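First up is the structure itself, then whatever we jot down about it.
The values are calculated or read from the model by the stated rules, or taken from the named source; none is laboratory data. Predicted model, so just to flag it, every value in this text is computed and none were measured. Using ideal geometry, Cβ is built from the backbone for each residue, glycine included, and neighbour counts are taken over all protein chains shown.
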Amino acid sequence: MPPIPVLASVPAARWELPTKGLSVFYGLPEASRLFHYFLPHAILQGRQVLCLDGANRFDPLLLARFARERQRDPSEFDRRIRIARAFTCFQLTELLVRLPRLLQTFPAQIAIVTALPDLYFDEDVREREAICSFQRALQSLQAAKRLLLPIAVFTDAGSSSSPRRKLFQHLIAQADQVLRFSEKENASIVLSSEKPVPAILKA
């Protein structure tokens with residue numbers, strides 16, 4: 001697994017977690033780990049974040065570094081984020097199905113999901129079973145939207161050559177907004193909108 005990029009500066013006005021709808025962030029092989037750079041702003045706003053962490057992407061040391069850089073105690077950041085890990089596509093689906101119950105014990109204002117649909121590309125899992133599990137995951141995402149919970153999916157799937165990459169297109173089709181990371185010649189990372197949030201969600 002490549003290390004999390006250490007960015008010299010982040011354009012905070014653009015790199016904010018959504019407040020409504022289902023958003024998908026993709027575009028670079030390390031995209032599913034770049035969600036760390038969105039956490040400080042959300043936490044300092046007072047938002048609690050529930051992270052359904054596919055494939056063990058979360059790095060507590062990086063979050064602690066962000067806290068110290070902002071002259072905050074790392075425990076302050078830790079209290080506002082809850083991590084639930086999944087190592088297989090079936091575990092990630094179950095976390096999404098259980099999302100309403102997880103919110104009862106940790107009332108988050110936003111959920112982050114990583115490695116969706118990346119985990120469903122596992123060739124050790126039969127394609128039919130992976131697709132059925134993925135469909136349950138999408139249904140659970142739609143149910144979460146009815147709870148008015150904003151969800152941000154960070155995925156490396158856009159960089160994959162897996163024959164199951166069509167699952168990524170299904171995710172994009174259901175998203176309310178799609179944002180893409182890209183790397184400039186000076187190695188800086190920029191974020192651009194490919195599918196802006198609908199007007200109905202802006203209201």
Select from segment 133-159 the residues that are touching a helix residue (DSSP H, G or I) at 6+ places or on another chain (Cβ under 6 Å) and part of a loop (DSSP other than H, G, I, E, B) and list them in ascending order.
THR155, ASP156
Go through segment 166-188 and count every residue that is in a strand (DSSP E or B) and not small (Gly, Ala, Ser).
6
Scan segment 15-43 and report the pairs whose first residue is closer than 14 Å to GLN177 by Cβ and in contact (Cβ under 8 Å) with a residue 12 or more places away in the chain and whose second residue is among the polar types (S, T, N, Q) and outside any helix (DSSP H, G or I), with Cβ atoms within less than 7 Å and a gap of 6+ or a chain change.
PRO18/GLN177; GLY21/GLN177; SER23/GLN177; VAL24/THR155; TYR26/THR155; GLY27/SER182
Going through segment 21-40 in order, the residues found to be surrounded by fewer than 21 Cβ atoms within 10 Å (Cβ to Cβ) and touching a strand residue (DSSP E or B) at 6+ places or on another chain (Cβ under 6 Å) are LEU28
Tell me which residues, restricted to segment 47-64, are crowded, with 16+ Cβ neighbours inside 10 Å and at pLDDT 90 or above.
ARG47, GLN48, VAL49, LEU50, CYS51, LEU52, ASP53, GLY54, PHE58, LEU63, ALA64
Tell me, which residue of segment 99-122 that is part of a loop (DSSP other than H, G, I, E, B) and touching a helix residue (DSSP H, G or I) at 6+ places or on another chain (Cβ under 9 Å) is surrounded by the fewest Cβ atoms within 10 Å (Cβ to Cβ)?
ASP122
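Could you list, in sequence order, all residues of segment 146-194 that are without any contact (Cβ under 8 Å) to a residue 60 or more places away in the chain and more than 22 Å from ALA55 (Cα to Cα)? Before the answer, list the steps.
Let us first name the residues in segment 146-194 that are without any contact (Cβ under 8 Å) to a residue 60 or more places away in the chain, namely 146-147, 149, 160-167, 169-170, 173, 184-187, 192-194.
Correct list: ARG146, LEU147, LEU149, ALA173, LYS184, GLU185, ASN186, ALA187, SER192, SER193, GLU194.
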If you go through segment 130-156, how many residues are more than 21 Å from PHE35 (Cα to Cα) and of a type in the set (Phe, Trp, Tyr)?
1
